[in-house]
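The values are calculated or read from the model by the stated rules, or taken from the named source; none is laboratory data. Predicted model, so just to flag it, every value in this text is computed and none were measured. Because the Cβ atoms are built from the backbone with ideal geometry, glycine has one as well, and the counts that use them run over all protein chains shown.
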Amino acid sequence: MKTSKRFPNSRMDGDAPTDYRTPEDLFSTLDHEFNFSMDVAASKDNTLCLAYWDEEANALFQEWGITNWCNPPFHHLEAWIDKAIFEMKCGHTTVMLLPNRTEQAWFARCLRYAYSIRFIRGRLDFSGPTSTKGGRSTEGTIIVCFEPINTLRPKLYFIDREGVVLWDEL
């Protein structure tokens with residue numbers, strides 16, 4: 001049996017595209033805070049960092065940078081979250097844009113391992129190489145920060161679509 005090195009849930013056989021670019025205003029705010037060294041789920045057309053892993057290289061099989069941006073395809077996220085946790089244990093920071101699916105088992109792993117979780121108010125509007133106009137997300141999104149910092153529980157924030165903090169945990 002041939003093993004694939006494609007991203008899990010990559011676009012195949014007419015499935016919906018998964019290569020939407022992160023909104024630049026949100027990315028810029030986060031990049032100012034974290035200074036990303038690598039985009040680990042990108043293509044040459046949608047990367048926002050100079051260094052990136054694309055679908056062909058498959059970031060899940062690669063060593064990530066010191067500070068990583070990750071906007072993975074929104075299906076079968078467990079492998080991406082497991083990789084971010086692994087990289088955190090190696091001393092690397094990964095900031096992920098994920099769907100707001102608090103009922104999923106992977107979200108419980110985020111609660112256990114993340115340094116902070118930021119709930120984005122409103123729906124993001126994406127653009128990308130397969131969509132010239134982009135499109136409003138069909139669901140809410142969160143920013144999950146895996147940082148090699150010991151905490152008893154993650155810090156929770158609510159931010160606007162540009163990444164500006166509206167309020168933090170009570």
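Might you let me know whether segment 95-109 holds any residue that is without any contact (Cβ under 8 Å) to a residue 12 or more places away in the chain, over 24 Å from His32 (Cβ atoms) and of a type in the set (Asp, Glu)? It would help to see each step written out before you state the result.
Pass one, segment 95-109, residues without any contact (Cβ under 8 Å) to a residue 12 or more places away in the chain: 102-103, 107-108.
Those left that are additionally over 24 Å from His32 (Cβ atoms): 102-103, 107-108.
Applying the additional criterion that residues be of a type in the set (Asp, Glu) yields 103.
Yes: one or more hits.
Filtering segment 129-170 to residues that are farther than 25 Å from Pro73 by Cβ, part of a loop (DSSP other than H, G, I, E, B), out of contact with any Gly (no Cβ under 7 Å at 6 or more places or on another chain) and modelled with pLDDT of 70 or more leaves Ile149, Val164. Among residues of segment 80-119 being in a loop (DSSP other than H, G, I, E, B) and either surrounded by fewer than 20 Cβ atoms within 10 Å (Cβ to Cβ) or polar (S, T, N, Q) (or both), the one that is nearest to the chain's Cα centre (by Cα) is Asn100.
Scanning segment 28-50 for residues that are exposed (fewer than 14 other Cβ atoms within 10 Å of the Cβ) and part of a loop (DSSP other than H, G, I, E, B) gives Asn35, Lys44, Asp45, Leu50.
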